[in-house]
1. What are the residues in the stretch C:25-52 that are on the phi < 0 side of the Ramachandran plot and either of a type in the set (K, R) or at pLDDT below 70 (or both), if any?
2. Mind listing just one residue for me: the one in the stretch C:187-217 that is open to solvent by 50 Å² or more (accessible area, probe 1.4 Å) and not in a loop (DSSP other than H, G, I, E, B) and, of those, nearest to the other protein chains (Cβ to nearest Cβ)?
3. Of all residues in the stretch B:148-157, which are touching a helix residue (DSSP H, G or I) at 6+ places or on another chain (Cβ under 6 Å) and either open to solvent by less than 10 Å² (accessible area, probe 1.4 Å) or acidic (D, E) (or both)?
4. Tell me which residues, restricted to the stretch D:279-314, are open to solvent by less than 50 Å² (accessible area, probe 1.4 Å) and charged (D, E, K, R).
5. Please state which one of C:T61, C:T151, C:T69 is away from chain B (no Cβ under 14 Å), closer than 20 Å to C:L221 by Cα and open to solvent by less than 30 Å² (accessible area, probe 1.4 Å).
6. Inside the stretch B:71-96, can you point out the residues that are more than 15 Å from the chain's Cα centre (by Cα), within 13 Å of chain D (Cβ to nearest Cβ) and either crowded, with 20+ Cβ neighbours inside 10 Å or modelled with pLDDT of 90 or more (or both)?
7. Within the stretch B:97-111, restricting attention to residues that are assigned to a helix (DSSP H, G or I) and open to solvent by 20 Å² or more (accessible area, probe 1.4 Å), which residue is farthest from the other protein chains (Cβ to nearest Cβ)?
8. Would you say A:V146 is of a type in the set (V, I, T) and within 14 Å of chain C (Cβ to nearest Cβ)?
Amino acid sequence: MKRGRALWVIARSVMLEAIRRKEIYLLVAACLLLIGLATSVDFFGLGGLVKFYRETALRLMGTFTALAVVLLAVRQLPREFEQRTIYPLLARPLPRGLFVLGKGLGVLGAALFCYALFMLIYVPGMWYLEGDLAWRLLGQHIYLQVLQMGLLTSGAFLLSLLFSPDAALTLGLLLYFASGLIGQVALTLYELTNAAGRLLLYTATYALPQFVLFDLSGKVLHSEIWSPLSWPVMAALTGYAMVYSGLYGWGAYALFRRRPL
Amino acid sequence: MSIPIQVEGLTVSYGRGAKRVRAVQEVSFTVAEGECVGFIGANGAGKSTTIKALMGFIFPEQGETRLYGAPSGDPEGRRHVGYLPEVALYYPFMRAGELLTLYGSLSGLTRADLRRRIPIVLEQVGLGGRERELLRTFSKGMQQRLGIAQALIAEPKLLILDEVSAGLDPLGRHDLRALLQELRKAGRTIFFSSHELSEVESLCNRVIMIDQGRLCHEVTQAELQAVGRKQSLESFFISTVRGGAAT
Amino acid sequence: MRRGMGPIIRATLLEAVRRREMGVVLILMGAMLALLLAARVVGLERPAAGTLLLNLGLTLTVMAAHLVTLLVAARQLPQEMEQRTLYPLLARPIARHVMVGAKWAAAAVVGTGFFYLFVLPVWWLVPRLECYDSRTLVQLLVLQPPALMLTAAIAILTSVYLPRALAVTVALLVVFGTDYIVRWATRWPVLVWIPNPMRLNLVLRYTDGIGPLSSVEFAALATWTLLWTAALLGQAMLRFERRPL
Amino acid sequence: MTTPRPRSRRWWPLAVWVAWLVAGIGSARIDPADYAGGRVRDEEERIRRNSSALAAMLGEFRTSISDIMFIKTERYLHGGVGYLPHHSESALTAEDLADDVDAHQLELGMPGDDEEEHAGVPTIIPPPHRDFRGWIGTLHREVRPWRDPRRAHIHTDGRELLPWFRVMTQVDPQYVRGYVAGAFWLAQVDREAALGFITEGLQHNPDAFQLYVSLGLLRLREARAAARDNEDGLAVANTLWKLARDDFRRAAALALAQRPDDVDDDGFGSGGWGRYHENDALTAARMDYLLTRETEGASAAAARLERYRHVFPELEP
């Protein structure tokens, strides 16, 4: 119970900071502006065309949430060191592992807040366009996005302890946005390379987070064709996210634990 | 030669609308060549704001501040000034020598000047031989010493020091006092704020007191000596601020 | 160069080299070079594959150079203010706009150095199996420094108005997103007043085997970039001069 | 208030505004990506560039956003499944439209319509036996729209492609290909709107003969509908036939004027003239001949045929 409370207090402070610093609002505002631009396109006066809106909105929400998560996550731990706010915190009877976990949950909470704001716009937008919300697929998509944010947060924490905040930011954004591309290039290169190269590609595929696995937007978009994912697949994806988030998070904790303050 | 420091009717506010707060109101004073003036006041009285306005870091709502006749904000006025900020961190990725080279070159020193001056100022502040050390390894007190060194590097005619003895150990404070005495004797003009009133008492020939953004008292050397015979500057300051009687 | 710029540029360069982020990007770019080397050793059979690798390598180099420039530039002033290292600097007889100019120049120098460090190895490593116009390559190489100057100006401008993380986000959106946004300008003409450093990216033009820009086009593009840079940097200087610290 | 800015820099704000204003105006005029390959006005060039597997993956690296949108329409048509580039349905040219005036294929929406034609085109996400990633690959195929390439393609409602055609032509009004293909899909739901769309395309590209071909074909379709539906339909159809004939005639005239002298047997010539141009030009000439025969009689048609056969010997009565 006490630990739970400590977790909550730390997580809440992260969320408070995120919300008070207004960055999230700007991200949301920019996103909404772009979605607004998308809906302002007149489609020859035809009604019932929802895929354009769906795709634009889902793509923007995914991108902006990821941006918010990376921006928030990479600065959490380094800033505590830089501004020396970590001393009064760790002067309490608080294990360092709990501290990292609380920070991670806080970032996740802020990202969820962000995503919820987007959904507040997306869902009425779909109603307005009289499109099918495809709520089962959409629900699965949102769930996978949350898993992805967890993965991104733990990865960003690890990066921020290995590198300076700006380097971690650069790397985090690069890994996230180029993840799909890296995967596709690896698929092609695998055909071309020799045994050593193949081993390298195989290792990289399993070491790097595969963010492409958490983007169901393609199926949400064409929901009239695709059925929701089966439970075993959802379970496997959940397992993947848990294991990899756990590994990165544990790595971050291991570095943080041994770090002289 | 123009007057080192002139402050006339200085008023500075922070914030906007209903949250607007007057930090300094109609403050006027001057500091003449060769004077050593202490600037004292309680926390939040407006000392740092006045000094920042003097340096051109913030802009007055009303009034004017001048350094050697040039309005604050004009780089020319800062040509002969050495300044120590209230709280400053110095680039952690630099070495002490590199930092002083940076500040020295900006003040117009040549390479030859720098080669000559850097060991001297480091020695003066008690950091002799630490030229090659990275600043991230420096303690708070050492950073403060380095701050004094950067203020002195270009042999300025006027020194403006904000909370000069903050973070120094007793030995450091003693050394600092000796250094300031020496500079004063050499004819430098010194204007500094401090909470160490004994320091102010022993160094200054004039003390300016500020309370809630307004100048509340100016103590000349004669008065200071008179005060010194009866009571300490500290008790005088407390009675002035609390009672408002001394004016 | 204005007096006072040199030492500030030097200090910024020192920081860029000594802090670890440059190391990371260098490692990443090194990994990419290794990949290209592998492709060269294995041997590419289809000319189109060579072209795409060349396109990818050059594009990533250009983007990484802009990213580095942007991050270095957007960090400078907010960090100096946060850490209060700005006070001892501005206590010297240098004007504030010189300080902004120096920070801008330093970021552009870092980005340009980075760009040239990688663009030539990339170009050399990828087997070039199709016909490319080397005059276009020269133009590509010449136009990148102004493009990076523009990116630095965008980042500096956002950083004098916004807190650091926000400045980085907005600058990222402008630098990498404008290319997409301005293409809507036929519908919303006001969008042409968003700067677009990626317009000077001639990588695709080069890998498509298209000839160089005419001298008029080239000069127009260069002038356009300088104008943008001047406008943004000038605005940043004006703002910083008026900003209470 | 004291001014922190020295007098000498008072002109700065004005200079900044002027620079900003001029730079913005320049933005509208200077675009190094504005060349035949970059905006891919030339079909042959586009197919060549996008024909490799890497091209499909790195499509996002292209600067031509209209081209990216065009590729997107192909994906939409296949329910989001990404196939390696091939000559797919939405990549229609005016020539394809001519073969398809009845639009019998267009009541799509179900898989298996054209199995013969499309099965076997490789997908961008490889099938299990060609994927080294093991279970990550399996998950990838589950999460993303994917279909065994040996099976026939899925086809979705073509209407949903329309917003992209609208946007791509707004973004790049010179993207003739977008007008042609967009009008084709639009005609399925609203012929009036399709006519308007082509007309808009012609306003921006008065020399694009492909658009006149599209216009003629649209009128032809309208004429057939009129003849079928109305009581006095034949009269209406007659008028429309004449209008269509004029469109094809104008298209043929423009095409012949633009056609370079050195077109070889494969339809390649200088000035970016490719097989697609050649086929569209040929279509224009053929349709002009047919409609002239219909509306003006055999002798007038023969005269036109004679004129075109100087350029297209393969044209036969």
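The values are calculated or read from the model by the stated rules, or taken from the named source; none is laboratory data. What you see is a predicted model; the values in this text were computed from it and never measured. A quick note on method: Cβ atoms are made from the backbone with ideal geometry, for glycine too, and the neighbour counts reach across all protein chains shown. In case anyone asks, the SASA skips ligands and DNA or RNA and just uses the protein heavy atoms, side chains included. Shrake-Rupley method; radii C 1.70, N 1.55, O 1.52, S 1.80 Å.
1. Applying the first criterion (on the phi < 0 side of the Ramachandran plot) to the stretch C:25-52 yields C:25-42, C:44-52.
Matches in the stretch C:25-52: C:R40, C:V42, C:L44, C:E45, C:R46, C:P47, C:A48, C:A49.
2. The qualifying residue nearest to the other protein chains (Cβ to nearest Cβ) is C:W193.
3. Those that are touching a helix residue (DSSP H, G or I) at 6+ places or on another chain (Cβ under 6 Å) and either open to solvent by less than 10 Å² (accessible area, probe 1.4 Å) or acidic (D, E) (or both): B:A149, B:Q150, B:L152, B:I153, B:P156.
4. Matches in the stretch D:279-314: D:D280, D:D288, D:R304.
5. Details: C:T61 fails: closer than 20 Å to C:L221 by Cα; C:T69 fails: closer than 20 Å to C:L221 by Cα.
One residue alone meets the criteria, C:T151.
6. B:S72, B:G73, B:G77 - these are the residues of the stretch B:71-96 that are more than 15 Å from the chain's Cα centre (by Cα), within 13 Å of chain D (Cβ to nearest Cβ) and either crowded, with 20+ Cβ neighbours inside 10 Å or modelled with pLDDT of 90 or more (or both).
7. B:R111
8. Values: of a type in the set (V, I, T): yes; within 14 Å of chain C (Cβ to nearest Cβ): no.
Against the criterion (of a type in the set (V, I, T) and within 14 Å of chain C (Cβ to nearest Cβ)), A:V146 does not qualify.
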